[in-house]
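The values are calculated or read from the model by the stated rules, or taken from the named source; none is laboratory data. Computed from a predicted model, the values in this text were never measured in an experiment. For neighbour counting, all protein chains shown are included, and Cβ atoms are generated from backbone atoms with ideal geometry for every residue, glycine included.
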Amino acid sequence: MRWTSTVLVLVGGIVMSYPFWSGAYASVQQGRLNSQLVTETRAFSGAVKNAIDQTLPPQEKLQRLAEAFGRRLEVGHPLGRLLVPRIGLNQVVLEGERRAATGIAGNDHGLLRSGPVHYGLTPLPGEGEPFAVAGHRTTYGAPFFRLNELRRGDRIDVVTPYSLLRYKVKKLTVVQPDDVSVLRDRGYALVLTTCNPPYSATTRLIVWADLDSFRFR
């Protein structure tokens, strides 16, 4: 009985501490990714950005820049920063796997430990629609924990090495875990996905947003 009690206490301690050490891991990884993003932004600006025809219409220029950046971007590398003022979110987003998702949770479980992850088979910001991003809701820093608090009209900013894009929330929906159709173009420029409800993966919470404005960096 004494041995069993000791084991149960140890197991309970490990389970209780999991959110804390996973959050610490994510924090360290975000610091590393931030430094890498700064370096890659400078490299992109110097090597590619100025080669784009500056006389192009703004929307076409944005698309050309996104495509040029995408050709340099590797899986697991930072592609930009996601900022959501209402919920205090400020996180570096990683590039995800570029293969079909087996479910809306995607193929990026390892990468998600470091922060939000772009579904690699969806376009980059400004390249097409939708730019889709997944994030943890309860572990590894829980960047999307408060995603359910977003309301229509709320601002979402995405800062990439080539532009700052501002989106406005249009709606929130809940779908089944295997409903990958939300990653296809439905006329929304940005899609955020996370587990729902908190501490469960029964369904997925989806935030849909339109592109409101953008400016070049």
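A single entry from L56, L33 fulfils the requirement of being assigned to a helix (DSSP H, G or I) and either at pLDDT 90 or above or out of contact with any strand residue (DSSP E or B) (no Cβ under 9 Å at 6 or more places or on another chain) (or both): L33.
Take the residues of segment 24-39 that are touching a Phe, Trp or Tyr at 6+ places or on another chain (Cβ under 9 Å) and buried (at least 17 other Cβ atoms within 10 Å of the Cβ): which is nearest to R72 (Cα to Cα)?
Quick first cut of segment 24-39, residues touching a Phe, Trp or Tyr at 6+ places or on another chain (Cβ under 9 Å) only: 25-26, 29.
Remaining after also requiring buried (at least 17 other Cβ atoms within 10 Å of the Cβ): 26, 29.
Details: A26: 25, Q29: 21 Å.
That would be Q29.
Taking the stated definitions as given, is Y119 touching a helix residue (DSSP H, G or I) at 6+ places or on another chain (Cβ under 6 Å) and on the phi > 0 side of the Ramachandran plot?
On the way: touching a helix residue (DSSP H, G or I) at 6+ places or on another chain (Cβ under 6 Å): yes; on the phi > 0 side of the Ramachandran plot: no.
Judged against the criteria, Y119 is not a match.
Hey, among the residues in segment 82-110 that are part of a strand (DSSP E or B) and touching a helix residue (DSSP H, G or I) at 6+ places or on another chain (Cβ under 7 Å), which one's surrounded by the most Cβ atoms within 10 Å (Cβ to Cβ)? Filtering segment 82-110 for residues that are part of a strand (DSSP E or B) and touching a helix residue (DSSP H, G or I) at 6+ places or on another chain (Cβ under 7 Å), the one surrounded by the most Cβ atoms within 10 Å (Cβ to Cβ) comes out as L94. Can you pull out every residue in segment 184-208 that is free of Cβ contacts under 8 Å to residues at least 60 places away in the same chain and either among the small types (G, A, S) or not in a strand (DSSP E or B) (or both)? R184, D185, R186, G187, Y188, P197, S200, T202, listed by residue number.
Quick grid of which residues meet (1) in contact with a Lys or Arg (Cβ under 8 Å, 6 or more places away or on another chain); (2) free of Cβ contacts under 8 Å to residues at least 40 places away in the same chain; (3) over 29 Å from R152 (Cβ atoms):
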position	(1), (2), (3)
L33	no, no, yes
L37	yes, no, yes
G46	no, yes, yes
K61	no, no, yes
G96	no, yes, no
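One residue alone among S181, S213 is at pLDDT below 95, of a type in the set (S, T, N, Q) and not in a loop (DSSP other than H, G, I, E, B), and that residue is S181. Here G187 fulfils each of the conditions (1) at positive phi; (2) in contact with a Leu (Cβ under 7 Å, 6 or more places away or on another chain) apart from (2).
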